[in-house]
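Down below is the structure, laid out as structure tokens.
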């Protein structure tokens, strides 16, 4: 039996890059896929190429089942209609993969309000809203006594975990997604839902020419988006038995990320500290903690 045989999966931002690779991988492992893509450029501008329809055609050519969806994932009503489409078309919903996003890169000191709002909207709100509608469906099923074995797989980023010079809006949104994942896992496990996130390292429209060469090398390409998809499929499958975790993935490797932890405690005892003592205690705690990972672009 294929890993996702019979599962109904929504992949947002699935027209190109990572989303396309994920949609194809889910279909190849037996899933029925809703291919969501708004059809915009890397910077969020209108694009009439119809990439979602092309991905559906690829899935159908391999013998799979898929439908297109053009919802704006950060729009409450459109995202709700997307969840309803999956249920109406295929009879249920088992896995939600949130992947949609675009970039408006600029140094924070020069960033406009629109550049901040548009990026945080599509990434952070665009992860919350579809999941909010999905959990309504799963929670209702659970409360009705029906079995639920659902999965949410979010897309964070190394920028969100470590920071990235010139990408403050994107980094903040992706950091929020990592914490959103932890929150979802803590709140939704009672309903039969596991939630995890992946911070992919791959050559896509968003990274090509920025972090990596625009063209893939000949032979083995460790930055091929398809290298990340096996992890996404496993996290979205019934075989997944972990929740509340964030993984980095690239090439033939992955690692779990250890998020915020309580560091070493420095204390003066049961009394109010002075300003000078606060500075001393801060340095004592830092001295006993591991150094933070460097922000991308600072080396």
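The values are calculated or read from the model by the stated rules, or taken from the named source; none is laboratory data. Keep in mind that this is a model prediction, so the values were computed, not measured. Cβ placement follows ideal geometry from the backbone for every residue including glycine, while neighbour counts extend to all protein chains displayed.
The number of residues in region 22-51 being modelled with pLDDT of 95 or more and either under 17 Å from residue 98 (Cβ atoms) or in contact with a strand residue (DSSP E or B) (Cβ under 6 Å, 6 or more places away or on another chain) (or both) comes to 12.
Restricting attention to region 86-120, the residues that are closer than 17 Å to residue 70 by Cα, surrounded by fewer than 18 Cβ atoms within 10 Å (Cβ to Cβ) and either touching a residue at least 24 places away in the same chain (Cβ under 8 Å) or not assigned by TED's automatic domain parsing to the domain that holds residue 18 (or both) total 2.
Of the residues that sit in region 188-198 and are touching a strand residue (DSSP E or B) at 6+ places or on another chain (Cβ under 9 Å) and part of a helix (DSSP H, G or I), which one is surrounded by the most Cβ atoms within 10 Å (Cβ to Cβ)? Working first, answer last.
So the first thing to find is which residues in region 188-198 are touching a strand residue (DSSP E or B) at 6+ places or on another chain (Cβ under 9 Å), and the list is 188-189, 191-198.
Those left that are additionally part of a helix (DSSP H, G or I): 188-189, 191.
Working: 188: 22, 189: 13, 191: 15.
Of everything passing the filter in region 188-198, 188 is surrounded by the most Cβ atoms within 10 Å (Cβ to Cβ).
Could you list all residues from region 275-299 that are assigned to a loop (DSSP other than H, G, I, E, B) and in contact with a helix residue (DSSP H, G or I) (Cβ under 9 Å, 6 or more places away or on another chain)? Of everything in region 275-299, those that are assigned to a loop (DSSP other than H, G, I, E, B) and in contact with a helix residue (DSSP H, G or I) (Cβ under 9 Å, 6 or more places away or on another chain) turn out to be 292, 293, 294, 295. The single condition among (1) in a helix (DSSP H, G or I); (2) buried (at least 24 other Cβ atoms within 10 Å of the Cβ) that residue 153 does not satisfy is (1). Tell me yes or no: at least one residue of region 126-142 is part of a loop (DSSP other than H, G, I, E, B) and touching a helix residue (DSSP H, G or I) at 6+ places or on another chain (Cβ under 7 Å). The answer is no, given that none of the residues of region 126-142 is part of a loop (DSSP other than H, G, I, E, B) and touching a helix residue (DSSP H, G or I) at 6+ places or on another chain (Cβ under 7 Å). On the basis of being in the same structural domain as residue 158 (by TED's automatic domain parsing) and surrounded by 13 or more Cβ atoms within 10 Å (Cβ to Cβ), does residue 285 make the cut? For residue 285, the condition - in the same structural domain as residue 158 (by TED's automatic domain parsing) and surrounded by 13 or more Cβ atoms within 10 Å (Cβ to Cβ) - is not met. Of the candidates 202, 226, 238, 249, the single residue that is closer than 22 Å to residue 98 by Cα, under 25 Å from the mean Cα position of the chain (by Cα), at pLDDT 90 or above and part of a loop (DSSP other than H, G, I, E, B) is 238. Taking the listed residues 55, 34, the one that is in a strand (DSSP E or B), touching a helix residue (DSSP H, G or I) at 6+ places or on another chain (Cβ under 8 Å), assigned by TED's automatic domain parsing to the domain that holds residue 231 and free of Cβ contacts under 8 Å to residues at least 60 places away in the same chain is 34, with no other qualifying.
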